[in-house]
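Some notes on the structure that comes next.
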Amino acid sequence: MTQDCRAIVRAPVLCLVTDLATAPRALDEAIEECVAAGVDVVQVRARSLSGTKLLAHTELILRAARRGAA
């Protein structure tokens, strides 16, 4: 890793990978709590969704992450 990259990426990075198919409870609530607890990155996985439904799902996750970061 170059010196320039170290200035941009802090280490360690905690990443939450979501999976709509296996979520045990409301995903937006879980994401809000995880971001509030220190998760840095949320990866959206929703292979069963496409187009408008995927966009709506991603926007729901984004709102939850923003609430958790506030």
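General remarks:
- Taken over the stretch 50-70, residues that are open to solvent by 40 Å² or more (accessible area, probe 1.4 Å) and more than 17 Å from Leu14 (Cα to Cα) amount to 13.
- Among the residues of the stretch 21-49, just one is within 24 Å of Ala11 (Cβ to Cβ), of a type in the set (Asp, Glu) and outside any loop (DSSP other than H, G, I, E, B), namely Glu33.
- Options Val44, Val35; residue that is of a type in the set (Val, Ile, Thr) and in contact with a His (Cβ under 8 Å, 6 or more places away or on another chain): Val44
- When residues of the stretch 15-29 are limited to those that are in contact (Cβ under 8 Å) with a residue 24 or more places away in the chain and of a type in the set (A, V, I, L, M), the one farthest from Arg63 (Cα to Cα): Ala21
The values are calculated or read from the model by the stated rules, or taken from the named source; none is laboratory data. All values derive from a computational prediction rather than experimental measurement. Every residue, glycine as well, gets a Cβ built from its backbone with ideal geometry; the counts of neighbours run over all protein chains shown. All accessible areas refer to the heavy atoms of the entire protein, side chains included, with ligands and DNA or RNA removed. Shrake-Rupley method; radii C 1.70, N 1.55, O 1.52, S 1.80 Å.
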